[in-house]
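Okay, so here's the structure we're looking at.
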Ligand SMILES: Cc1cc2nc3c(=O)[nH]c(=O)nc-3n(C[C@H](O)[C@H](O)[C@H](O)COP(=O)(O)OP(=O)(O)OC[C@H]3O[C@@H](n4cnc5c(N)ncnc54)[C@H](O)[C@@H]3O)c2cc1C
């Protein structure tokens with residue numbers, strides 16, 4: 001085993017490397033700038049080996065516990081070298097590719113994501129199917145006797161689709177009699193395929209973060225299927241726990257850095273750092289403790305499941321408490337000034353929506369963890 005597989009040794013060596021290699025972002029706060037910077041950072045980390053640790057060797061990684069990749073995210077995003085949004089896509093999409101793609105496809109594609117050569121997106125939600133994901137209607141039909149499928153339909157809220165080369169796409173393949181959960185099939189789709197149209201949507205924080213993606217007779221090779229026909233629901237159930245927990249580890253580091261900035265700004269205003277700030281700290285610390293336990297479960301080889309809904313509820317609560325407190329203590333800044341606080345406050349409203357809404361997470365906790373039955 002490489003001595004770098006020991007988390008403490010790994011972190012110290014990475015910190016030294018980051019101190020010696022200037023990856024600070026240029027002064028460009030556009031989304032495009034963030035995506036460019038993310039690709040630059042990933043390439044440098046990949047070339048030096050860092051972003052390959054914690055990923056299996058058969059998918060281009062250098063092995064070691066999953067904790068190592070969490071450490072990379074924490075160090076990189078905590079220093080604001082890359083923004084948390086684009087960074088989180090790695091932890092959401094790569095594990096699914098590794099588990100469901102044919103081995104050769106995962107070996108070919110995962111390094112492109114880890115090295116920043118490509119960005120991918122997640123095509124799950126549709127205009128009529130968000131919380132009720134199993135009702136999705138984008139269809140994939142077999143093309144005669146050919147080993148190809150033809151996809152028709154629309155996705156929405158697809159984050160970073162306009163910058164993405166490929167999409168992990170959920171489609172309906174069963175007929176009217178197939179139960180929903182056996183009727184869904186996932187594909188890895190090239191977004192430059194004929195028939196794909198991507199239209200960015202502007203969020204209330206003024207950024208085109210997500211998109212509508214239209215599929216009009218888009219042909220996809222059967223070899224791009226992830227798993228077997230009908231495995232799509234299980235794939236979603238396996239992907240969402242990453243989206244509700246481990247992908248936030250680096251976001252937590254970012255929230256701590258914003259908390260430190262808030263303390264400085266509040267002190268500079270001559271205010272006392274009082275109980276409100278104590279509550280923010282408690283919320284962040286509770287979240288980090290929970291998230292740390294999840295990282296350890298993953299590193300110990302456990303499969304993540306519905307218990308990650310707890311991580312998601314804690315993340316949303318901590319993030320909104322931080323920005324609500326900034327709103328209360330930095331008088332008028334969010335309403336009147338064009339600062340990061342304003343865009344981040346507005347974006348924090350999405351924390352109870354993306355990755356599954358807070359209400360739906362509480363339903364999962366009640367039904368699946370507490371066994372309280374249906375409403
Ligand atoms: C910033 C952001 C990024 C996103 N990125 C992506 C992405 O990259 N890919 C992707 O596929 N999707 C993405 N999404 C979409 C996200 O997954 C959905 O918004 C989410 O699942 C909710 O679905 P919906 O918007 O259709 O709301 P709905 O499901 O229509 O919910 C509306 C309201 O009803 C409540 N509700 C629904 N069902 C129940 C229930 N059974 N019990 C109690 N309350 C209920 C919800 O909590 C919510 O308050 C993103 C969303 C955001 C905000």
Legend entry - Order of 187, 259 under a 10 Å beta carbon neighbour criterion, fewest first: 259, 187
Inset, instruction - Assuming a ≥ b ≥ c are the square roots of the Cα gyration tensor eigenvalues, decide whether the stretch 20-84 counts as rounded (a/c under 1.5), prolate (otherwise, with a/b larger than b/c) or oblate. - result: prolate
Legend entry - Percent RCO, i.e. relative contact order, over the chain, from Cα pairs under 8 Å lying at least 6 residues apart: 14
Inset, instruction - Any chance you could run the full-extension gain for residue 2 through residue 175? It's 0.36 nm times the residue separation minus the Cα-Cα distance, nm to one decimal. - result: 57.2 nm
Inset, instruction - Arrange 251, 199, 79 by Cβ neighbour counts within 10 Å, fewest through most, would you? - result: 199, 79, 251
Legend entry - Alpha carbon centroid spacing (whole Å) that separates the stretch 182-209 from the stretch 305-351: 26
Inset, instruction - Compute the FRET efficiency between residue 217 and residue 57 as 1/(1 + (r/R0)^6), taking r as their Cβ-Cβ distance and R0 = 41 Å, and round to the nearest 0.05. - result: 0.60
Inset, instruction - Starting from the Cα gyration tensor of the stretch 110-173, take the square roots of the eigenvalues, sort them a ≥ b ≥ c, and report rounded, prolate or oblate (rounded when a/c is under 1.5, otherwise prolate if a/b is larger than b/c, else oblate). - result: oblate
Legend entry - Efficiency of FRET from Cβ geometry, residue 17 and residue 296, R₀ 25 Å, rounded to 0.05: 0.50
Legend entry - Paramagnetic label zone (point 7 Å from Cα along Cα-to-C-beta, residue 372; backbone N under 15 Å) in the stretch 294-320: 309-310, 313
Legend entry - Estimated FRET transfer efficiency (residue 337, residue 24; beta-carbon r; R0 22 Å; 0.05): 0.35
Legend entry - 0 to 90° range, to nearest 10: angle between helix 31-47 axis and the chain longest Cα axis: 80
Legend entry - Shape box of the stretch 244-369 [Cα atoms, principal axes, largest first, Å]: 48, 25, 23
Legend entry - Order of 279, 359, 307, 20 under a 10 Å beta carbon neighbour criterion, fewest first: 20, 359, 279, 307
Inset, instruction - Grab the Cα-Cα distance for residue 328 and residue 260, subtract it from 0.36 nm times how many residues apart they are, and report the gain in nm with one decimal. - result: 22.9 nm
Inset, instruction - Percent of Cα-Cα pairs per 10 Å bin, from 0 to the last occupied bin, for the stretch 3-118, please list those. - result: 14, 48, 31, 7, 0
Inset, instruction - Tell me what the chain gives for mean residue ellipticity at 222 nm when only DSSP H runs of n ≥ 4 count, each as -39,500 (n - 2.57), the sum divided by the residue total, rounded to 500 deg cm²/dmol. - result: -15000 deg cm²/dmol
Legend entry - Net lengthening on full extension, residue 43/residue 142 (0.36 nm per residue, minus Cα-Cα): 31.9 nm
Inset, instruction - Please compute the Cα-Cα pair-distance distribution of the chain with 10 Å bins starting at 0, giving whole percents from short to long. - result: 5, 23, 33, 26, 11, 2, 0, 0
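Here, each number is a calculation from the coordinates, and none is a lab measurement. Predicted model only: the values in this text are computed from it and were never measured. Note: ideal-geometry Cβ built from the backbone for every residue, glycine included; neighbour counts use all protein chains shown.
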